[in-house]
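Below you'll find the structure, written out as structure tokens, and then a few comments.
Here, each number is a calculation from the coordinates, and none is a lab measurement. Treat the numbers as computed from the prediction; the structure is a model and nothing was measured. With ideal geometry, Cβ positions are generated from the backbone for all residues, glycine too; neighbour counts draw on all protein chains shown.
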């Protein structure tokens with residue numbers, strides 16, 4: 001059976017009917033049925049024989065088979081046991097694919113260690129290997145999967161992901177220009193190059209989602225990342241101040257750093273050349289990196305020392 005046969009709407013409907021179950025909306029199971037889009041994703045992935053591909057959401061294995069053609073290895077994760085059975089049958093002809101029936105996430109802040117262990121094993125087989133995340137991501141896990149992968153020290157080289165269009169807009173939003181700009185925008189833009197590759201309407205999926213989707217390319221920017229002294233501290237600071245995005249930055253910082261005297265916070269803001277009434281949504285990612293590095297110094301200064 002050809003890939004085209006597997007990916008048509010008619011074939012998928014018959015496949016599910018024959019097995020007696022149907023796509024689950026609660027798991028974001030919307031399958032790409034436009035082969036041109038699948039080809040586009042694979043082309044943008046620029047897959048080589050040194051690539052270990054991580055795919056979250058194997059579905060029926062349609063995209064997975066295309067990824068496996070040129071990659072060194074594909075680690076494909078499927079949460080739904082029913083989908084896992086369908087994908088396992090299709091992918092039995094792909095010896096370089098490891099299919100895992102598991103949640104890709106341990107929790108919202110960490111990827112599943114079991115999945116990461118398999119990825120690391122595949123990467124360790126050659127010093128030339130590099131990691132790429134290529135996936136039609138289920139909407140519900142797209143943000144933590146992308147954010148947490150960026151937070152790792154794995155040698156990821158590229159992400160090409162299909163996600164909800166609204167999320168894509170949040171990722172690429174600029175300060176002052178859009179209400180979409182927030183903690184996720186800053187976390188990613190401070191370390192990556194992001195590009196919206198294509199907007200997708202609901203008609204390229206089955207079942208049709210109620211929203212548009214977008215294909216986004218994310219590339220690491222190691223030079224920018226190196227400017228962040230402590231990435232975990234940076235991540236927590238950005239998320240902390242954006243819980244109070246409509247308030248002045250100093251209020252958000254005071255709430256986040258409760259052990260810092262407010263006078264020190266005010267002095268640091270002035271020292272960095274920021275207005276006392278500036279809001280978090282007005283600062284660009286570089287300003288947040290500078291802010292994070294300075295406040296890390298402040299926290300260390302006021303931390304109690306062992307006698």
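In terms of other Cβ atoms within 10 Å, 290, 243, 60 run from fewest to most in the order 243, 290, 60.
The slack between residue 39 and residue 110, meaning 0.36 nm per residue of separation minus the straight C-alpha distance, is 22.5 nm. Sorting 298-304, 216-222 by average packing, meaning the other beta carbons within 10 Å per residue, from highest down gives 216-222, 298-304.
How many percent of DSSP beta bridges within the stretch 1-126 run antiparallel, rounded to 5? Working shown, then result.
Working: 2 of 12 bridges.
Bridges in the stretch 1-126 that DSSP calls antiparallel: roughly 15 percent.
The label-point distance for residue 22 and residue 88, in a model that sets each label 7 Å from Cα toward Cβ, rounds to 2.5 nm. In terms of its alpha-carbon gyration tensor, the stretch 231-302 comes out rounded; the largest-to-smallest axis ratio a/c stays below the 1.5 threshold.
With the simple model of a label 7 Å out from the Cα in the direction of the Cβ, residue 231 to residue 13 spans 4.6 nm. Out of the DSSP beta bridges found with both residues in the chain, what percent are antiparallel (nearest 5)? The answer is about 50 percent antiparallel. Using the Cβ-Cβ distance between residue 245 and residue 271 with R0 set to 25 Å, the FRET efficiency from 1/(1 + (r/R0)^6) comes to roughly 0.65.
Note on residue 101 and residue 258: with the Förster distance fixed at 45 Å, the Cβ-Cβ geometry gives a FRET efficiency of about 0.55. Length gained on full extension, residue 70 to residue 300: 77.9 nm, using 0.36 nm per residue less the C-alpha separation. Helix-only arithmetic for the chain: the sum of -39500 (n - 2.57) across DSSP H runs with n ≥ 4, divided by the residue total, places the mean residue ellipticity at 222 nm at -12500 deg cm²/dmol.
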